[in-house]
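Structure first, commentary second.
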Amino acid sequence: MRKGVKVAIVGSVFAAMVGGAGYGGYNFVTALNGGGGGTEKRTGPPSADEVQETSEKFFAAWEKGDSATASSYTNDEVDAGKVFGSFVVDARIDDVRIEPGKPTGTGGRTVPFSVAATVSYDGKSKELAYKSELTVVRGKTTGRALVDWQPSVVHPELKAGDTLFTGEAAAPPIEAVGRDGTVLTKEKYPSLGPILDTLRERYGDDAGGTPGVELGIRHTAAEAGDTTLLTLAEGKAGKVETTISGRVQAAAEKAVKKYAESSVVALRPSTGQVLAVANNRQDGFNAAFQGELPPGSTMKIITAATLIDNGVTSMNGPAPCPDTATWQSQTFKNLPGLKADETPNATLANSFMRSCNTAFIKLIDEGPMNDASLTEEAQQRFGLGRDNWKTGIVSMDGKVPPSSGPNRAANAIGQGDVLMNPLNMASVTATAITGQFRQPYLVSPELDDRQLATAKGLKAGTSSQLKQMMRLTATQGTAADVMSGLGGDIGAKTGSAEIDGNAEADSWFTGFRGDVAAAAMSEGGGRGGEAAGPMVVDVLKAGG
């Protein structure tokens, strides 16, 4: 029995030695008479030789179309196998040639490379070329040098769960046009890329086109349309009309490029039509429409409306601004640099335009205010938080839940449980200045007979006061510097939202000029006027 066990051990170790011979980092020690045997894992970052050897073997297997072997050189064989399987079988890509570049990054462990290949389907072929990169890391359990698996290794536009395919497109191509007849393409307006894919998925079949043959990415998200990478045979494009303004969209695209992780939306308050939507994000997420983040002091537009509608105070009514305000044992402070004003003559307009947190914290506790007051105002007056907006693409319509304890106070200043995105805040501004809630939309509801959300809107007196307080903020308050270059009837509200664990606050800003409302957000962008403000100003200049 003992001999049988010993032979099994020796056999398994020998197999491990042979299987790992190409990695040069294992010491084989064995003793047949009680000495034992095994392998010693390497530790620490992979060496330059290991990076070269691993990447070369990975590329060689990939070029041969050997999905199993290529996947074995990654630290996630299962997921890599699925993507490589779709690359070879579903995407019909062959004749792969890979040209590695000079390693870069920390320790030279990142290898850039270019891919050239041929895509073939039903007698049609086309050349494919693109660039990507991989990083070699040390395997946690084996100690082997392995490719750190990310779907983007195979193609830079692939994300988790995505697969490749070649064949007849799921939907015909579309020619999306703006309100002025401008043809909207992802090449001219990069931010619209994912949106155009969604529009094609939703409206392509009804737009009068016929599908072509293409190499594309099939996304796991149900609401996301396929992304075309290469067209082998052209289909006939159907026409889809949108509310986008080419001029305003161009300004929005340019504006977001200046700030990392930023988003902006512009719309027409008199109609609810979206004029522009742009994002500059590493993850490609449409945070402008789907983001869920605390909006900071831009929320004070809704809070001020709630205070006015509940008879707590008015634009010219009292709203003292002390240094601190304590709510159920939690102390709230103003932003650094804001000079307190504790005189009883301080008004809501003054505290609004200076963005005084403590004034709103103290007033939110006044009768008849309760835990659900902000929620009711947001839903009934501003059309938020009912999960019923139908913009034409996927969107989130704000969250203002009833909150008790310290979060009831935090909600009043756009922290706590309140979540918004630039689309929501642009809509809030539009409702504030017109008194009417008009659900934002990107595609006319007449195209697919969808019902837009409705809400009561604001009393004329409330709307008038909000608009005047936003005007004061833009000309005398926290937004005065950034808005100084704009003419006409203007108004704004600044915001900065502190997120636990983040060194810098998120920058928020919403404003209007004439019949254009816009809102922007930049994660980690600081105060409202530092990042979000300039983006809104650039868009308002184009939309005026």
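Here is a check on your reading of the model: is E50 surrounded by fewer than 19 Cβ atoms within 10 Å (Cβ to Cβ) and not β-branched (V, I, T)? Step through it out loud before you land on a result.
Values: surrounded by fewer than 19 Cβ atoms within 10 Å (Cβ to Cβ): no; not β-branched (V, I, T): yes.
Here the answer is no, as E50 does not meet what is asked.
Return yes when K390 is more than 15 Å from K300 (Cα to Cα), at pLDDT 95 or above and of a type in the set (K, R) and no when it is not. Break it down stepwise before answering.
Details: more than 15 Å from K300 (Cα to Cα): yes; at pLDDT 95 or above: yes; of a type in the set (K, R): yes.
Yes, satisfied.
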Completion exercise
Reported set for the range 241-263 where residues are buried (at least 24 other Cβ atoms within 10 Å of the Cβ) and within 16 Å of I393 (Cα to Cα) is T242, I244
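For residues that are in contact (Cβ under 8 Å) with a residue 40 or more places away in the chain and not in a helix (DSSP H, G or I), tally how many sit in the range 241-282. Let's see the steps before the verdict.
Of the residues in the range 241-282, the ones in contact (Cβ under 8 Å) with a residue 40 or more places away in the chain are 241-256, 258-280.
Still in the running and not in a helix (DSSP H, G or I): 241-245, 258-280.
Residues that pass the stated criteria total 28.
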Exercise for the section: Check the range 267-277 and report whether any residue there is under 18 Å from the mean Cα position of the chain (by Cα), in the same structural domain as F382 (by TED's automatic domain parsing), surrounded by fewer than 22 Cβ atoms within 10 Å (Cβ to Cβ) and farther than 21 Å from S403 by Cβ. Expected result: no
Handout entry: Flag for A304 being within 29 Å of A432 (Cα to Cα) and buried (at least 20 other Cβ atoms within 10 Å of the Cβ)
Key = yes
Handout entry: Which listed residue is of a type in the set (K, R), in contact (Cβ under 8 Å) with a residue 40 or more places away in the chain, touching a Gly at 6+ places or on another chain (Cβ under 6 Å) and in the same structural domain as W508 (by TED's automatic domain parsing), from K399, K390
Key = K399
Problem - Per-region count, the range 403-433, residues at pLDDT below 95 and on the phi > 0 side of the Ramachandran plot - result: 2
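Report yes if K333 is among the charged types (D, E, K, R) and buried (at least 17 other Cβ atoms within 10 Å of the Cβ), otherwise no. Walk me through how you get there before you give the answer.
Values: among the charged types (D, E, K, R): yes; buried (at least 17 other Cβ atoms within 10 Å of the Cβ): no.
When the stated conditions are applied, K333 does not pass them.
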Problem - Filter result for T110 (more than 32 Å from the chain's Cα centre (by Cα) and at pLDDT 95 or above) - result: no
Problem - Scan of the range 435-466 for residues that are touching an Asp or Glu at 6+ places or on another chain (Cβ under 9 Å) and either small (G, A, S) or under 16 Å from G491 (Cβ atoms) (or both), ordered by number - result: S444, A453, L458, T462
Fill in the blank from the handout: Within the range 177-198, restricting to residues that are crowded, with 16+ Cβ neighbours inside 10 Å and of a type in the set (S, T, N, Q), the one that is nearest to E157 (Cα to Cα) is S191
Fill in the blank from the handout: Of the residues in the range 385-427, those that are within 20 Å of A474 (Cα to Cα), in a loop (DSSP other than H, G, I, E, B) and hydrophobic (A, V, I, L, M, F, W, C) come to I413
Fill in the blank from the handout: With criteria (1) surrounded by fewer than 16 Cβ atoms within 10 Å (Cβ to Cβ); (2) touching a residue at least 60 places away in the same chain (Cβ under 8 Å); (3) within 19 Å of the chain's Cα centre (by Cα), R450 comes up short on (3)
Exercise for the section: Six or more apart or on different chains, Cβ under 6 Å: which pairs go from a residue in the range 119-134 that's on the phi < 0 side of the Ramachandran plot to one that's at pLDDT 95 or above and of a type in the set (G, A, S)? Could you list them? Expected result: L128/A117; A129/A116; K131/S114
Fill in the blank from the handout: Within the range 507-526, the residues that are farther than 17 Å from I433 by Cα and surrounded by 24 or more Cβ atoms within 10 Å (Cβ to Cβ) are S507, W508, A520, M521, S522, G525
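Picking from V183, V265, which residue would you name as being touching a helix residue (DSSP H, G or I) at 6+ places or on another chain (Cβ under 8 Å), at pLDDT 95 or above and within 30 Å of V537 (Cα to Cα)? Give the steps one after another, and end with the answer.
Details: V183 fails: touching a helix residue (DSSP H, G or I) at 6+ places or on another chain (Cβ under 8 Å).
Being touching a helix residue (DSSP H, G or I) at 6+ places or on another chain (Cβ under 8 Å), at pLDDT 95 or above and within 30 Å of V537 (Cα to Cα) holds for just one of V183, V265, which is V265.
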Practice task
For E214, indicate whether it is surrounded by 24 or more Cβ atoms within 10 Å (Cβ to Cβ) and more than 25 Å from F437 (Cα to Cα).
Solution key: yes
Fill in the blank from the handout: When every residue in the range 217-240 that is acidic (D, E) and closer than 21 Å to R92 by Cβ is compared, the one surrounded by the fewest Cβ atoms within 10 Å (Cβ to Cβ) is E234
Practice task
Scan the range 77-84 and give yes if some residue there is surrounded by fewer than 16 Cβ atoms within 10 Å (Cβ to Cβ), in contact with a Phe, Trp or Tyr (Cβ under 7 Å, 6 or more places away or on another chain) and either closer than 15 Å to V136 by Cβ or basic (K, R) (or both), otherwise no.
Solution key: no
Completion exercise
Among the residues of the range 126-147, the number that are among the polar types (S, T, N, Q) and exposed (fewer than 13 other Cβ atoms within 10 Å of the Cβ) is 1
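The values are calculated or read from the model by the stated rules, or taken from the named source; none is laboratory data. Small disclaimer: the values here were computed from a predicted structure and weren't measured. All Cβ positions, even for glycine, are placed from backbone atoms using ideal geometry, and neighbour counts span all protein chains on display.
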